[in-house]
Amino acid sequence: MSEAPACRQAGLPAVLENAAQVERNMVNTTNKNTRTGMEVRKKGGESVGSLSRRFTQKVRGSGVLMEVRGRSFYKPKQNKKARRKSALVRAERRKEYAKLRKWGKVK
């Protein structure tokens, strides 16, 4: 028979055992496909929840999620005519906004 994990031997619930596994997995999550690996080290006396929160904030702040979501769908490049047309529309909108701002209609 295999021995019970240390958490169960100490009479702790299995949730803490899973939390310890999550903690070990979060320490270094370097992925070959990303440019930079996210790394979060546990501070002394820090709970798994706060470690998880710091890791999540770091990932969100890095912009990796937005990049991955953007790559999940294929977006064909616009042709030259469409790019020119959208540039003209943007220029017209800028002029209109500047005019409204000058008149005090927009702040």
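Just so you know, all these numbers are worked out from the coordinates, no wet-lab data involved. The structure presented is a predicted model; accordingly, all values stated were derived computationally and were not measured. So basically every Cβ, Gly included, is an ideal-geometry build from the backbone, and we count neighbours across all protein chains shown.
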For residue 38, enumerate residues with amide H under 5 Å from its amide H, sequence gap 5+ or separate chain, H modeled in the peptide plane.
29, 31
Between the modelled labels at residue 72 and residue 84 (7 Å from Cα along Cα→Cβ) the distance in nm is 3.7
What spacing in nm lies between the two simple spin-label points modelled at residue 39 and residue 101, each 7 Å away from Cα in the Cβ direction?
4.4
Provide the per-residue ³J(HN,Hα) series for segment 92-104, in order, calculated from phi with Karplus coefficients 6.51, -1.76, 1.60 and θ = phi - 60°, each as a whole number of Hz, with x at glycine and proline positions.
5, 4, 4, 4, 5, 5, 4, 5, 5, 5, 5, 7, x
If we sort 76-82, 60-66, 97-103 on the protection proxy, mean other Cβ atoms within 10 Å, highest first, what's the order?
60-66, 97-103, 76-82
Of the listed pairs 85/105; 85/107; 77/107, those with alpha carbons more than 32 Å apart are 77/107
Whole-Hz couplings from phi, Karplus 6.51/-1.76/1.60, listed for segment 44-54; x for Gly and Pro:
x, x, 7, 7, 5, x, 6, 5, 4, 5, 4
Please list, in order along segment 72-87, the HN-Hα scalar couplings obtained from phi with the Karplus expression 6.51 cos²θ - 1.76 cosθ + 1.60 (θ = phi - 60°), rounded to whole Hz, x for Gly and Pro.
5, 10, 6, 10, x, 5, 6, 6, 4, 5, 5, 5, 5, 4, 5, 5
